[in-house]
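What follows is a set of notes on a single structure, which appears directly below.
The values are calculated or read from the model by the stated rules, or taken from the named source; none is laboratory data. This is a predicted model, so every value here is computed, not measured. Neighbour counts are summed over all protein chains in view; Cβ atoms, including those assigned to glycine, are modelled from backbone coordinates with ideal geometry. Ligands, DNA and RNA are stripped out before the accessible areas are found, and what is left, the full protein with its side chains, is counted by its heavy atoms. Shrake-Rupley method; radii C 1.70, N 1.55, O 1.52, S 1.80 Å.
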Amino acid sequence: MILKRTHMCGNLRAADIDSNVVLNGWIAKRRNLGGLIFADLRDKTGIVQIVFDDTITDELREKADSLRSEYVVGIKGVVKERQSKNPDLPTGDIEVFVNELEIYSEADTPPIYIKDDDNVDENLRLKYRYLDLRKQKMQNNLTFRHRIVKVTRDYYDENGFTEVETPILIKSTPEGARDYIVPSRVHPGSFYALPQSPQMFKQLLMVGGTDRYMQIAKCFRDEDLRADRQPEFTQIDLEMSFVDVDAVIEIQEGYLKRLFKEVMNVDIETPILRMEYDEAMERYGSDKPDTRFGFELVKLNDVVKDCEFGVFTNALAAGGDVRGICIDGGSAHFSRKDIDKMQDSLKHYGAKGLVWIRNNADEITSSVNKFFSQEQLKEICDTMNAKEGDLCLIVADKPKVVFDALGFLRRDIAKKLGLLDDSKYNLLWVVNFPLFEYDDETGEYNAMHHPFTSPRPEDIDKLESDPGSVKAQAYDIVLNGVELGGGSIRIHDRKLQAKMFEILGLTEEEINEKFGFLIEAFKYGVPPHGGLAFGLDRLVMLLAGEQSIREVMAFPKNAGAQCMLCEAPAPVTPEQLEELFITTTEGQN
């Protein structure tokens, strides 16, 4: 028999004393103290203590004594004031005296503890994710995600957006990350791809007159994983017709203001600060700068151009940069061993070394003392506004290497020094990205975002003569050093789109192969349009204060892109492969 629930476990309070209640849930633990049997009953809202006292029947006492962890039960009882209150529990002022118990199912001893601070191996958590999800933190995170999605749908609905589902099985147009491909049984030798984004379809919706589109969209990328990436992820995907950059940004700022207020009770100021891409790189070494702290980059080219240190002069001769960051009071905080570890971490970004200067009271010391006089070191320190006790860290290399290395280092050091205040929400737009990236190895230009991004009108006449200087009508929204989302105004002029393809070195055959159906649609009238996509998983992760998106997804993959729960990916039978006209080389020499 199912006992019809009247309350959720975690919602009971002192105001419910003397009420008759019916609860359902899982037994978290049971304690038999002879005359009294206590148990903690848990559902997704929290835990409440239930009590079987000496007035109950022998039959009920026998059932109560049989309870074990994770048994699923229903109870009827009366809420009473708790004698030994628990201030750490929201329900700690009350307990429920049980007069009826229904055991719905028994449970084996679980392989992981059902508690938030169990510190269990992540792969084991993911293998038994259905148990892991019973933890209060995980239920809170899923509910929090639900609230964000609800606010999202409500806001965009109220602002004239139509939610449209775009296809999951599409044509492969590989660029950027690898596609996941799906073989077709009815078209032997042909394959679908899973979408990396709904980009072309949402543009087609603008051609189709949808005007304002949104979607909570599943996307797929076959790429190496990090804490904030998964092979399948979710975007809040948006596109708007007849808009410019300001119009797109205005709508998104309204969304963010409402989202922060409703789910975080935080009032954010709008309009949100906008920062030029070039300024972000010069000051922070990153196109997603964390502005909660200082340690801004300082260019030292003019100061060191005539020095005797070959690392600096050779970098400048090759068109590179010498830049550094000044760590307030850092000389006392970081030992030589600490700096050596920093240097090792920068190898990932291509940096070959890290120069340090300690601006101490009695003497300025440095890893390059033999190449610089005290006067020269002081000039560097003065240029970097280094005070007594500060630590200067300098990298010399190609501009990209210098920016990447110092952009990482400033944030890594701020984390070590406890300067990353999670109660601060520093939002900013990074705007006017370069339209192209130059590939030193191939000598060709690639689209920094995608080939449909529109250049700024004032830069169009430089597309052929100086493509590297052309800025895009592109914009990213950044929160505390993490990109929440990004987008651009799209090209709607066919001649301009053709010029873009030409600069990217695409042949007519390649254009038709990759984008033919979109180009065909543009022949029939396309409105000016632009859009943006927020990373939903990343957004939830940041606002929930988690360090990994796996903590805010119900069934994520592990760091090896494996589902530990259902053991995917897995081999399939020879019969299945034969149906798909596929053979594999796995295991062959």
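Per-structure values
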quantity: Subset of region 515-540 (residues that are modelled with pLDDT of 95 or more, open to solvent by less than 10 Å² (accessible area, probe 1.4 Å) and of a type outside the set (A, V, I, L, M)); calculated: His529, Gly530, Gly531, Phe534, Asp537
quantity: Pairs where the first residue, in region 503-525, is assigned to a loop (DSSP other than H, G, I, E, B) and the second is open to solvent by 80 Å² or more (accessible area, probe 1.4 Å), C-beta under 6 Å, 6+ apart; calculated: Gly505/Glu444
quantity: Complete set of residues in region 91-133 that are of a type in the set (Lys, Arg), modelled with pLDDT of 95 or more and in a loop (DSSP other than H, G, I, E, B); calculated: none
quantity: Total residues in region 142-171, condition open to solvent by less than 40 Å² (accessible area, probe 1.4 Å) and either without any contact (Cβ under 8 Å) to a residue 40 or more places away in the chain or not in a helix (DSSP H, G or I) (or both); calculated: 4
quantity: Residue that is modelled with the lowest pLDDT [pool: residues in region 398-446 that are open to solvent by 40 Å² or more (accessible area, probe 1.4 Å), under 30 Å from Glu250 (Cα atoms) and part of a strand (DSSP E or B)]; calculated: Asn446
quantity: Top-ranked residue of region 172-213 - restricted to ones that are assigned to a loop (DSSP other than H, G, I, E, B) and acidic (Asp, Glu), ranked as nearest to Leu536 (Cα to Cα); calculated: Asp179
quantity: Ile249 being within 16 Å of Gly487 (Cα to Cα) and open to solvent by less than 40 Å² (accessible area, probe 1.4 Å); calculated: yes
quantity: Qualifying residue in region 521-530 (condition: under 30 Å from Val266 (Cα atoms) and of a type outside the set (D, E, K, R)); calculated: yes
quantity: In region 447-460, residue surrounded by the fewest Cβ atoms within 10 Å (Cβ to Cβ) [restricted to those that are aliphatic (A, V, I, L, M) and not in a loop (DSSP other than H, G, I, E, B)]; calculated: Ile460
quantity: Strands (runs of 3 or more DSSP E) wholly inside region 302-392 that include at least 1 residues being touching a strand residue (DSSP E or B) at 6+ places or on another chain (Cβ under 6 Å) and touching a residue at least 60 places away in the same chain (Cβ under 8 Å); calculated: 321-327
quantity: So Ser469, is it within 30 Å of Glu239 (Cα to Cα), open to solvent by less than 60 Å² (accessible area, probe 1.4 Å) and in contact with an Asp or Glu (Cβ under 9 Å, 6 or more places away or on another chain); calculated: yes
